[in-house]
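The values are calculated or read from the model by the stated rules, or taken from the named source; none is laboratory data. All of these numbers come straight from a predicted model, not from anything done at the bench. Don't worry about glycine lacking a Cβ; one is built from the backbone with ideal geometry, like all the others, and counts go over all protein chains shown.
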Amino acid sequence: MFQKFLSAFQKKAVGVSTPAALPLFGLAPTLTGKTVTTESALRVPAVACAVALIAETVGSLPAKLFEKDGRASVTDHAAFSLIHDEANPWTSAEALRVQLTTDALLRGHGFALVVRNATGAPVELHRLEPHMVQVETDDFGEPAYLVQLADGRHRYPFTDILHVSAFGGASPITLGREAIGLALAFEEHIAKLFANGGKPGGILKTEKTLGDEAKAKLATSWTAAHGAGRSGGTAILDEGMSYEAVTMTLADTQFAENRLEQIREIARAFRVPPTMLFELTRGTWSNTEEMARQFLQVTLKPWLASWSWAYARCLLSPEERRRLYVEFVTDDLTTTDTAARAAAYGQYRSMGAMTANEVRAGLNLPPRADGDTLQNPYTTTGAAPAVDPVADPAPEDAPHD
C-alpha cells in the first residue's frame, strides 16, 4: 500500500493537501461533492445498521473445532479456547471477531497478532490497527506482514497474523461511496430545508431597476425577516415585487422514494437483504423469512469461510489441518419457531439421525445417561425386554407343572 502511494507521488509532485492527493487516501469527494470517510459513512443509519448487523452476527455465532473423521468436537486443543472462549484475558473471542469484522467492513482488512508460548503453541490473539499493518506478497502470492509496533517495525509470516478481508480487499464503504455520498447529500438537504421551516429558496422580482446599494439592503432585510430560523412568517411585498421559488421541493425530487432507493443501494453494497436494514416497503411475512435465509447464504457465509480459514492457518499446524477444521454453528439463524424446531428434531429422532442427547445439546440442555442411543422413541415401549427361554433357561429348582 505504501509503495503505491510513493510511486504515485514520485510520478508527479503532489502536496498532501491538494485535491490530486485526496484519491490516494480515499478522501476524494463523490459526484455529490460529499467526502465519504469511515466516520461520515457511519452517520448514515443504513450503513451503521449494515456494519453492526454483519459484525455482531459473525461475532455471536459460536466457532468450534471438529475432527474431520467422525465430526467430534475437540475441546482440549489450544485453538479451541481462542476461537470459542477468549482471545486474550481482556477480550472475548466474540468481541475480537466483532472488532476485526468491523475493521474489514470499514477499512477493507482486519488483523490480529498471534502470541505464542515457548513451545510455539498459540496462547493469545491481539487486535492490530489496520493502518499499522502492511501486506507484502512474493512471486508465488505468499503474504508477509510488516507491523509497526511501539518498539519498531516487525516482520511476521502469514501463520502469525490472523487476517480477514472484505471482498477484493476493499471495504463496502469504498465500493459504494457514491451511494453513501448521495445518502449524505439527501440528509443534508432535508436538514437544511427543515431548518428553514420547510420553505424553499427563491428570488424576488420587480419591474423597477434597483441600484447595487438598494439590492444589498433588500437582500439583508429579507434574510433578516425570513432567513434560516425565521421562516413561516408573512412576507409583505411592495412596489410591484413578487416572489418565485426556485429550489426543488420534496415532491419535485421524489424525496421519499429516492431515500428508500439509497437504503437499497447501500444494502446492495453490503450484500444485505433490504428488510434486514428495516426497509420494509416490500417485506411480507413469507419473504422476510426467506431473506433471513439469504442473509446467511449470501452475506454471512463468505465472512464465516474467511474466518474459518484465518483461524485454521494461524492456530493449526499443516498436520493438524489434515484432521481438524474450524466451523461456525449457524443453527440459530436457521431456526424459525419452537413448533417447527420441535417437529424437525422429532423427524431426526424417528429416522435415527440424532440421539436424544444431540437434541438436548441443541436445546442447551444437559445430557442424560440413557440418551446416546439412536433407537426410534416413537416405536419403543420402554418395557423390559422379554426373556428368551432358550437363551435363559429356568433354574433347576423352579417349580414344574
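Just the residues that are exposed (fewer than 14 other Cβ atoms within 10 Å of the Cβ) and either over 18 Å from LEU333 (Cα atoms) or at pLDDT 80 or above (or both), please, taken from the range 269-292. Outline the logic, then answer.
So in the range 269-292, the residues exposed (fewer than 14 other Cβ atoms within 10 Å of the Cβ) come out as 278, 280-282, 284-287, 289-290.
Once the filter is applied, which keeps residues that are exposed (fewer than 14 other Cβ atoms within 10 Å of the Cβ) and either over 18 Å from LEU333 (Cα atoms) or at pLDDT 80 or above (or both), the range 269-292 yields PHE278, LEU280, THR281, ARG282, THR284.
Mind checking which residues of the range 314-361 are charged (D, E, K, R) and at pLDDT below 85? Full working, then the answer.
Going through the range 314-361, the residues charged (D, E, K, R) turn out to be 319-323, 327, 331-332, 337, 341, 349, 358, 360.
Selection gives ASP331, ASP332, ASP337, ARG341.
Only one of these conditions is not met by ALA46: (1) under 19 Å from the mean Cα position of the chain (by Cα); (2) crowded, with 20+ Cβ neighbours inside 10 Å; (3) under 18 Å from ARG127 (Cα atoms). Which number is it?
If we test ALA46 against (1) under 19 Å from the mean Cα position of the chain (by Cα); (2) crowded, with 20+ Cβ neighbours inside 10 Å; (3) under 18 Å from ARG127 (Cα atoms), just (3) comes out false.
Report the residue count in the range 129-169 for those that are without any contact (Cβ under 8 Å) to a residue 12 or more places away in the chain, touching a Pro at 6+ places or on another chain (Cβ under 9 Å) and outside any strand (DSSP E or B).
So the count comes out to 0.
Kindly check whether there is at least one residue in the range 335-342 that is in contact (Cβ under 8 Å) with a residue 40 or more places away in the chain and more than 30 Å from LEU113 (Cβ to Cβ).
Yes, the conditions are met somewhere in the range 335-342.
Given (1) surrounded by 11 or more Cβ atoms within 10 Å (Cβ to Cβ); (2) at pLDDT 75 or above, where does ALA369 come up short, assuming only one miss?
For ALA369, the failing item is (1).
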